[in-house]
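K.L.:
Can you keep this structure in mind? I'll have questions shortly.
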Ligand SMILES: [Zn+2]
């Protein structure tokens, strides 16, 4: 550490390599090592040696690894106790994509050198040869952001001339269910109460993403898309393959639904001149374990839906419509098939089967009405057992719960069951009020400075499309959202502990001012060194001093 802090080009690069060296892959003990490393970095600063009570940790609830969100406070001298939150996540995605170079994934210098002998896509090759880029897992997403934020803290707490307080929050598990941020939200409430802080602004430093394939522009963001993960569970009626018209194939039901929901413009929105990405299927599977000549009875799909404004209620009702359309289509196809085979509808056993459409809550209520509290108990017991068996794959667990509840309604088959799997990310964007306008002003001022002093063009985007923890700084229509999640997401509050009340209680504008990189989550993940270690640190410092 030269000059008593790390906020220099060399200092940030050292810090970055030190952070990348810890293999903090989501859901592994590497995350625990990262938590320790962050604390030991902070403890090298005299400021925290004198005041170790300004370093905080908060454990994720019910976490097998006992992972923790880490925070540190810098107290400025502002009688109003205005505070800027610096947000980052310290986990990274896995390294399966690195192939035989996996052992080098966390050693960026060696890995970058080794890539010189590898076949690479053209653009990655050019970047490599320019010498301005460094490759490695997590170097872009998002240890660079964390390094720059830590470096800023190290400089500020040396100088003690900043009016604002800074509160750095670093979380695990961001790349999976954001459970680290849920602990972080609790921690933010606790620290606020303890020190009487006023949270004015959150600055996250996730990297800039291209807005379309091949886009090379840099962006800062003033909000983020939201995300829902509906699960459509299909219960068909099984039959022998020799008599396919005697039943209804669940795999067909799932594919008909997926065909209608894929890229469906029913979910298209535009807000502040931007559009949300269209829905796409993340998983489509039947649940047959082995080969035989019986048609699949059950299948499900997981659907990725990104939102700008629409509520969970809106999304559920659009899904129901797709369910009804799918059912109509199946009925029509069967009718045509009967006709072309010369069958009469209604004659003897030939009857048009159209699947019913239920939501989870509708079926659950039906069960309660028909079987009373024994039904509730049976479901709860099954769910407990499933939780132990299925670990933390919440999509699979949700499908298993769907299977249990559907098994009580064999007499209603065939039917679609529409429900929600974790995770849930609220969409966040800036409002028109004073606090939010100020947040927007900070971003615009950084962009102007980048142009004037560094000749860098940086665009501003209202909705970050890469999903991030900034979603958990604000929640609109809390009651309505909670109602839908309580009813339609069986794991809500039972394994998926999203603290909706506390999130709504933060209501802090959150923007993203981050480094520049390419190919996050790929083996060619890389960081642009000049922008990330020279321009960004100056802009971030400007942001906290100009606030
Ligand atoms: Zn990230």
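K.L.:
Hey, does the stretch 166-174 have a residue that's within 16 Å of the ligand (Cβ to nearest atom) and over 26 Å from residue 192 (Cα atoms)?
P.N.:
no
K.L.:
Kindly indicate whether residue 487 is more than 16 Å from the ligand (Cβ to nearest atom) and surrounded by fewer than 18 Cβ atoms within 10 Å (Cβ to Cβ).
P.N.:
Considered against the rule, which asks whether it is more than 16 Å from the ligand (Cβ to nearest atom) and surrounded by fewer than 18 Cβ atoms within 10 Å (Cβ to Cβ), residue 487 comes out as no.
K.L.:
Sticking with this structure for a sec: Taking residue 210, is it surrounded by fewer than 24 Cβ atoms within 10 Å (Cβ to Cβ), within 16 Å of the ligand (Cβ to nearest atom) and either within 18 Å of the chain's Cα centre (by Cα) or at negative phi (or both)?
P.N.:
Yes: the conditions hold for residue 210.
K.L.:
Would you call residue 471 within 23 Å of residue 228 (Cβ to Cβ) and either in a helix (DSSP H, G or I) or more than 16 Å from the ligand (Cβ to nearest atom) (or both)?
P.N.:
Yes, satisfied.
K.L.:
Out of all the residues in the stretch 165-187, which are at pLDDT 95 or above and farther than 16 Å from residue 497 by Cβ?
P.N.:
165, 166, 167, 168, 169, 170
K.L.:
Quick one: count up the residues across the stretch 224-261 that are in a loop (DSSP other than H, G, I, E, B) and under 30 Å from residue 473 (Cα atoms).
P.N.:
So the count comes out to 1.
K.L.:
Going by the conditions given, is residue 454 within 11 Å of the chain's Cα centre (by Cα) and in contact (Cβ under 8 Å) with a residue 12 or more places away in the chain?
P.N.:
For residue 454, the condition - within 11 Å of the chain's Cα centre (by Cα) and in contact (Cβ under 8 Å) with a residue 12 or more places away in the chain - is not met.
K.L.:
Scan the stretch 232-246 and tell me whether some residue there is within 16 Å of the ligand (Cβ to nearest atom) and within 21 Å of residue 306 (Cβ to Cβ).
P.N.:
Checked the stretch 232-246: no residue is within 16 Å of the ligand (Cβ to nearest atom) and within 21 Å of residue 306 (Cβ to Cβ).
K.L.:
Of the numbered conditions (1) outside any strand (DSSP E or B); (2) more than 16 Å from the ligand (Cβ to nearest atom); (3) in contact with a strand residue (DSSP E or B) (Cβ under 6 Å, 6 or more places away or on another chain), residue 190 fails exactly one; give the number of that condition.
P.N.:
Residue 190 satisfies all of (1) outside any strand (DSSP E or B); (2) more than 16 Å from the ligand (Cβ to nearest atom); (3) in contact with a strand residue (DSSP E or B) (Cβ under 6 Å, 6 or more places away or on another chain) except (3).
K.L.:
Just for the stretch 440-467: of the residues that are part of a strand (DSSP E or B) and away from the ligand (no atom under 16 Å from the Cβ), which one is farthest from residue 428 (Cα to Cα)? Write out each step before concluding.
P.N.:
First, pick out the residues of the stretch 440-467 that are part of a strand (DSSP E or B): 458-461, 464.
Retained after the next criterion (residues that are away from the ligand (no atom under 16 Å from the Cβ)): 458-460.
Values: 458: 21, 459: 18, 460: 15 Å.
Selected residue: 458.
K.L.:
What number of residues in the stretch 511-547 are over 26 Å from residue 111 (Cβ atoms) and either outside any helix (DSSP H, G or I) or within 15 Å of the ligand (Cβ to nearest atom) (or both)?
P.N.:
4
The values are calculated or read from the model by the stated rules, or taken from the named source; none is laboratory data. Fair warning: this is a prediction, and the values are worked out from it, not measured in the lab. Cβ coordinates were reconstructed from backbone atoms using ideal geometry, including for glycine residues, and neighbour counts include every protein chain displayed.
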